[in-house]
Amino acid sequence: MALIDYANPSKFISLTDRLLPWLIGGAALALAFGVNQVFGAPEDYQQGATVRIMFIHVPAAWLSMFGWMIMTISSLGTLVWRHPLADVAAKAAAPVGAAFTLICLITGALWGRPMWGTYWVWDARLTSVLVLFLMYLGVIALWRTVEEPTRAARAAAILTLVGAINLPIIKFSVDWWNTLHQPASVLRLDGPSIHPDLLVPLLVMTLACGLTFITLHLAVMRNEILRRRIRTMHLLQAQRAPGS
Amino acid sequence: MKALTALFGRDAKLAVRAGGGAPVAVLFFLIVVTITPFALGPDLALLQRIGPAILWIGALLASLLALDRLLAADLDDGSLDLLTMSDTPLELALAAKALAHWLTTGLPLVIATPLLALFLNLDLVASAAVAATLLVGTPALTFLGLAGAALTVTLRRGGLLLSVLVLPLTIPVLIFGVAASNAAIVGPLPFGTPFMILCALSLTGLVIGPVAAALALRSGHD
């Protein structure tokens, strides 16, 4: 089965009809298992129970970048291969990615209050995530401003690609500007510095949240296809209406 | 090449003679710098410390405000369609337009900077440093803005959206512009490093901006 076989929206809809119940069930089970693991994990000797915020905060942070990656790949699909579902995928990823970015920001603020004594600091990592959130909102605003879907798709695709080129530059410049957040402690060349008792629940939660992301993404894509069908039907009906 | 110079000359002449362009942008810059002390208080020591930041924010907003006319006038009179269909590559034509725009709105801001620096109690070295960073940094703002202007030119309420889309992308320019100015004034970093990065951002913008803008204009036309 090649990717192009699913270019037909009806085929995609029937595929999601079969897949979505399993995905929803799988995501719910994984989340339940993950939460169980999280509360089984030992408390941190310094941070106490608040370390558990990490198990939602870190996956959300990873998925916030994953969302922009999906949008970038889909935008290439729109502009280069003209895949008919690529713009649906790009449009659906924007609100889901923005939601995970917002979760990352909110849990980070709630974690920062007991640990750093403040909800917000102008630290490099926090600031880059905030900028990422603003860029998600910009893309969503562009989608909503251009009425015609195919034109909106290409405009949003160009903005997404320019953003994808600029995000590393923004990240680098913000790092230069200020740093307080702890450096990466899981994805490191010399192996993770985090204890296995905390690492296992973190990875389980990452899988669970990733599964949730994909489930939501497919569901939003499906809704978008249906919404476009309704729009086309409205347009056809208006054309056929008497007096036109 | 001849077509590009002609386009450059036309845009520069239009911007200078039609009014409402460069002088208004400089006036806006002056007003931003003037109202900041009303918010912060007339403390000259404080103003001196944050002077480069105020000048950079003012220049950023002033160049952003001028952007929505960059392509809109050409769309209104139809010359944008001619540009899209002509033999000259659209990327180069847009780069020429952006350079003309920078020459008529960005450069006046740079020239006005030493005067405005006086209001903020900056000494000679400091105002020269801010002017130098603005000189190499404002082209990046224009080129990024060009991409944003091309995306929003056909929209009815494009102006506000343009700012929302472009401002997050200008953060690196702002960071290194202010960092280079402060490095020249108080140290301890060398002035050269952030200054060179600022130059690099402008050169990157020169490549990304026109290509993205051309892509946006072409895709809006079919």
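Report the residue count in the stretch A:147-160 for those that are among the small types (Gly, Ala, Ser) and facing chain B (nearest Cβ under 7 Å). Can you show your working first?
Within the stretch A:147-160, the first condition is being among the small types (Gly, Ala, Ser), and the residues that meet it are A:152-153, A:155-157.
Those still in the list that are facing chain B (nearest Cβ under 7 Å) too: A:155.
Matching residues across the stretch A:147-160 total 1.
The stretch B:8-86 holds helices (runs of 4 or more DSSP H) entirely within its bounds, and those carrying 2 or more residues that are within 21 Å of B:Ala131 (Cβ to Cβ) and modelled with pLDDT under 85 map to B:22-40, B:44-67.
Check the stretch A:111-119 and report whether any residue there is part of a helix (DSSP H, G or I) and within 14 Å of chain B (Cβ to nearest Cβ). Working first, answer last.
Within the stretch A:111-119, the subset part of a helix (DSSP H, G or I) is A:111-116.
Adding the requirement that they be within 14 Å of chain B (Cβ to nearest Cβ) leaves none.
No.
What about A:Phe55, is it of a type in the set (A, V, I, L, M, F, W, C) and within 26 Å of A:Ala141 (Cβ to Cβ)? So A:Phe55 fails the test.
Taking only the stretch A:166-175 into account, find how many residues are surrounded by fewer than 17 Cβ atoms within 10 Å (Cβ to Cβ) and at the interface with chain B (Cβ under 7 Å from one of its Cβ atoms). Lay out the reasoning, then the answer.
Of all residues in the stretch A:166-175, those surrounded by fewer than 17 Cβ atoms within 10 Å (Cβ to Cβ) come to A:168, A:172, A:175.
Filter again for at the interface with chain B (Cβ under 7 Å from one of its Cβ atoms), leaving none.
Counting residues in the stretch A:166-175 that are surrounded by fewer than 17 Cβ atoms within 10 Å (Cβ to Cβ) and at the interface with chain B (Cβ under 7 Å from one of its Cβ atoms) gives 0.
Over 16 Å from the mean Cα position of the chain (by Cα), crowded, with 20+ Cβ neighbours inside 10 Å and either away from every other protein chain (no Cβ under 14 Å) or assigned to a helix (DSSP H, G or I) (or both): does that describe A:Gly163?
Numbers: over 16 Å from the mean Cα position of the chain (by Cα): no; crowded, with 20+ Cβ neighbours inside 10 Å: yes; either away from every other protein chain (no Cβ under 14 Å) or assigned to a helix (DSSP H, G or I) (or both): yes.
For A:Gly163, the condition - over 16 Å from the mean Cα position of the chain (by Cα), crowded, with 20+ Cβ neighbours inside 10 Å and either away from every other protein chain (no Cβ under 14 Å) or assigned to a helix (DSSP H, G or I) (or both) - is not met.
With respect to (1) more than 17 Å from B:Pro52 (Cβ to Cβ); (2) assigned to a helix (DSSP H, G or I); (3) within 14 Å of another protein chain (Cβ to nearest Cβ), the lone exception for B:Arg156 is condition (2).
Selection within the stretch B:198-209: residues that are of a type in the set (A, V, I, L, M) and more than 9 Å from chain A (Cβ to nearest Cβ). The member of this set that is farthest from B:Val130 (Cα to Cα) is B:Val207. Scanning the stretch A:207-236 for residues that are of a type in the set (S, T, N, Q) and modelled with pLDDT under 90 yields one hit, A:Thr232.
Pairs linking a residue in the stretch A:225-244 that is part of a helix (DSSP H, G or I) to a residue that is surrounded by 12 or more Cβ atoms within 10 Å (Cβ to Cβ), with Cβ atoms under 7 Å and 6 or more positions apart or on different chains, are A:Ile225/A:Pro9; A:Ile225/A:Phe12; A:Ile225/A:Ile13; A:Ile225/A:Val88; A:Arg228/A:Pro149. The listed residues are B:Ser79, B:Ser86, and the only one of them that is of a type in the set (Ser, Thr, Tyr) and touching a residue at least 40 places away in the same chain (Cβ under 8 Å) turns out to be B:Ser86. Within the stretch A:85-108, identify whether any single residue is touching a helix residue (DSSP H, G or I) at 6+ places or on another chain (Cβ under 7 Å) and either facing chain B (nearest Cβ under 10 Å) or at pLDDT below 85 (or both), and answer yes or no. Scanning the stretch A:85-108 turns up no residue that is touching a helix residue (DSSP H, G or I) at 6+ places or on another chain (Cβ under 7 Å) and either facing chain B (nearest Cβ under 10 Å) or at pLDDT below 85 (or both). If I filter the stretch B:159-197 down to residues being part of a helix (DSSP H, G or I) and more than 12 Å from every other protein chain (Cβ to nearest Cβ), which single residue comes out as surrounded by the fewest Cβ atoms within 10 Å (Cβ to Cβ)? In this case the residue turns out to be B:Gly192.
The values are calculated or read from the model by the stated rules, or taken from the named source; none is laboratory data. Predicted model only: the values in this text are computed from it and were never measured. Neighbour counts are summed over all protein chains in view; Cβ atoms, including those assigned to glycine, are modelled from backbone coordinates with ideal geometry.
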